[in-house]
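Below: one structure, written as structure tokens.
The values are calculated or read from the model by the stated rules, or taken from the named source; none is laboratory data. Everything quoted here is computed from the prediction, not taken from an experiment. Positions of Cβ are backbone-derived with ideal geometry, glycine not excepted, and every protein chain shown enters the neighbour counts. Side chains are part of the model used for accessible areas, which takes the heavy atoms of the whole protein and leaves out ligands, DNA and RNA. Shrake-Rupley method; radii C 1.70, N 1.55, O 1.52, S 1.80 Å.
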Amino acid sequence: MGILNVTPDSFYSKSRIQSEEEILARCEAILSEGGAIIDLGGYSTRPTAVAVSESEEQERLFWALEIIKKQFPEAILSVDTFRAAIAEAVIKDFGVDIINDVSGGTLDANMFNVIAKYNVPYILMHMRGTPQTMQSLTEYDNFMEDIMRFFAEKIRTLTAMGVSDIILDPGFGFAKTIEQNFELLRDLSNFRIFDRPVLAGLSRKSMLYKSLNTDAEHSLTATIAANTLALAGGASILRVHDVKEAVETIDIFMHTYPRTE
């Protein structure tokens, strides 16, 4: 899954796309380098990101989707939004294939209804609070148990509504300390109990570059290492900025540990 952000403030500056030419070049790069999914976002969810109105987020997404669908009509598109109205609009108007909700349905009570209505694959991510408050919400009774309970409850609700295509995203960097993020990566195999695909979003995140006293721009090697560990823990999808390197990481991993499913 290649990241395409039509935002001016995403944490990794090279992922910020601001023109039609940049959108087309980024989509071409994702697909030509072996990416299977383009994940489009119009609202930066990095810690302390400035909140964006629903109308502005929708305007950004619609602008990009019109460009992408015209040039790459067969591309599998995921839209990164926690707003149910936007999710419904991009499904109805653009045939978006996947909804990627960083809030796991906690920020918009209607999100699950939209997913059930249109029966699209849903990426269910763990987060607490909002992007603006999440890093003050890192106290847990029992870190892994609390996250597993969150997923169990959400999956139960969704399946009762008829939703079956659920992808789990543990939410690296969302309401978690650096130490908790590494605990999550170490125990990623615990999520196999849910028998659902797991998405790992580790690309160039602060848990990596802060641990190495560097920055997002200089954390590609750390990302490759973390992605390898995620694959070993059972991840089925890697959400990345650097598609070529992630595809090569997957290829080498799969040659070493072939999967039969």
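What's the number of the condition GLY129 fails, among (1) at pLDDT below 95; (2) farther than 26 Å from PRO170 by Cα?
(2)
Filter region 144-185 down to the residues that are open to solvent by less than 20 Å² (accessible area, probe 1.4 Å) and of a type in the set (D, E, K, R) and list them by number.
Passing the criteria: ASP169, LYS176.
(1) closer than 30 Å to GLU217 by Cα; (2) among the β-branched types (Val, Ile, Thr); (3) open to solvent by less than 30 Å² (accessible area, probe 1.4 Å); (4) modelled with pLDDT of 95 or more: which one isn't true of THR138, the others all being true?
(4)
Name the residue that is surrounded by the most Cβ atoms within 10 Å (Cβ to Cβ), counting only residues in region 33-77 that are farther than 24 Å from LYS205 by Cα and polar (S, T, N, Q). It would help to see each step written out before you state the result.
If we filter region 33-77 for residues that are farther than 24 Å from LYS205 by Cα, which is where we start, we get 53-56, 58-59, 62-76.
So of that shortlist, the ones also polar (S, T, N, Q) come out as 53, 55, 58, 71.
Values: SER53: 9, SER55: 9, GLN58: 19, GLN71: 13.
The selected residue is GLN58.
Considering only residues of region 84-111 that are open to solvent by 20 Å² or more (accessible area, probe 1.4 Å) and acidic (Asp, Glu), which is farthest from the chain's Cα centre (by Cα)?
Applying the filter and picking the extreme gives ASP93.
I'd like the full set of residues that are touching a residue at least 24 places away in the same chain (Cβ under 8 Å) and either farther than 15 Å from MET125 by Cβ or open to solvent by 50 Å² or more (accessible area, probe 1.4 Å) (or both), limited to region 194-223. Even if it seems obvious, please write down each step before you answer.
Taking region 194-223 as the starting set, the residues that turn out to be touching a residue at least 24 places away in the same chain (Cβ under 8 Å) are 194, 196-207, 210-211, 216-217, 220.
Listed by number, the residues that qualify are ARG196, PRO197, ARG204, SER206, MET207, LYS210, SER211, ALA216, GLU217, LEU220.
Limited to region 195-217, what total is found for residues that are of a type in the set (Gly, Ala, Ser), over 15 Å from the mean Cα position of the chain (by Cα) and part of a loop (DSSP other than H, G, I, E, B)? Full working, then the answer.
Of all residues in region 195-217, those of a type in the set (Gly, Ala, Ser) come to 200-201, 203, 206, 211, 216.
In the following step, the residues that additionally are over 15 Å from the mean Cα position of the chain (by Cα) were identified as 206, 211, 216.
Applying the additional criterion that residues be part of a loop (DSSP other than H, G, I, E, B) yields 211.
Total meeting the criteria: 1.
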